[in-house]
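This report refers to the structure that appears directly beneath it.
The values are calculated or read from the model by the stated rules, or taken from the named source; none is laboratory data. Keep in mind the model is a prediction, meaning the values are calculated, not measured. A quick note on method: Cβ atoms are made from the backbone with ideal geometry, for glycine too, and the neighbour counts reach across all protein chains shown. When the accessible area is computed, the model is the full protein with side chains, heavy atoms only, and any ligands, DNA or RNA have been set aside. Shrake-Rupley method; radii C 1.70, N 1.55, O 1.52, S 1.80 Å.
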Amino acid sequence: MVNLSEVNYWAVLIATVITMVLGFLWYSPVLFGNAWVKLRKVKMEDMSGGGAGTYVLTALTALIGAFLLALLVTMGDETTLVSGLTVGLLIGVSISVKIGMNYLFENASFKLYLITIGYHLVSYAAAGVIIGLMQQG
């Protein structure tokens, strides 16, 4: 059963920040940004990143994702690094499979799909580890 009192809100906040930082790195030239813009057929210098509203909404989606992950982790018998990682990976795989449907209908590149789902898999795994470690009770 979902228990809001078992959620470590500091863990949710830290997982949100880590998700955002990972996204900035993932889609920058440091990691996969160059490949991503090439596959999207755009130029890095043409990417504005959107206005402030884009970043606020992105942070909000990361916060909601981390919070829902924390809620799901509380539903298990115990909260550990392994349970957090497991739930995080399950959410990441679920999202990745659903994104795959869009990529099929968009006839998008498989490499682009891998870059996109890779971010979700890694970010949810990292958030799961953080929440699993900090939410242990």
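For ASP46, ASP77, the ranking by accessible surface with the largest value first comes to ASP77, ASP46, using a 1.4 Å probe. Assuming a ≥ b ≥ c are the square roots of the Cα gyration tensor eigenvalues, decide whether the stretch 59-102 counts as rounded (a/c under 1.5), prolate (otherwise, with a/b larger than b/c) or oblate. Note, shape of the stretch 59-102 comes out oblate.
Calculated mean residue ellipticity, 222 nm, the chain: -25000 deg cm²/dmol, from DSSP H runs (n ≥ 4) at -39500 (n - 2.57) each, averaged per residue and rounded to 500.
These residues, TYR9, TYR27, go from largest to smallest accessible area, 1.4 Å probe, as TYR9, TYR27.
Among LYS38/LYS111; LYS41/LYS111; LYS43/LYS98, which pairs are too far apart, with a Cα-Cα distance over 20 Å? In this structure, LYS43/LYS98 lie more than 20 Å apart at Cα.
Over the chain, the fraction of Cα-Cα pairs per 10 Å bin, rounded to whole percents and listed from the shortest bin up, is 13, 38, 33, 14, 3. For the chain, a simple Cβ point-charge model (Lys and Arg +1, Asp and Glu -1, everything else neutral) yields a dipole of about 560 debye relative to the Cα centre.
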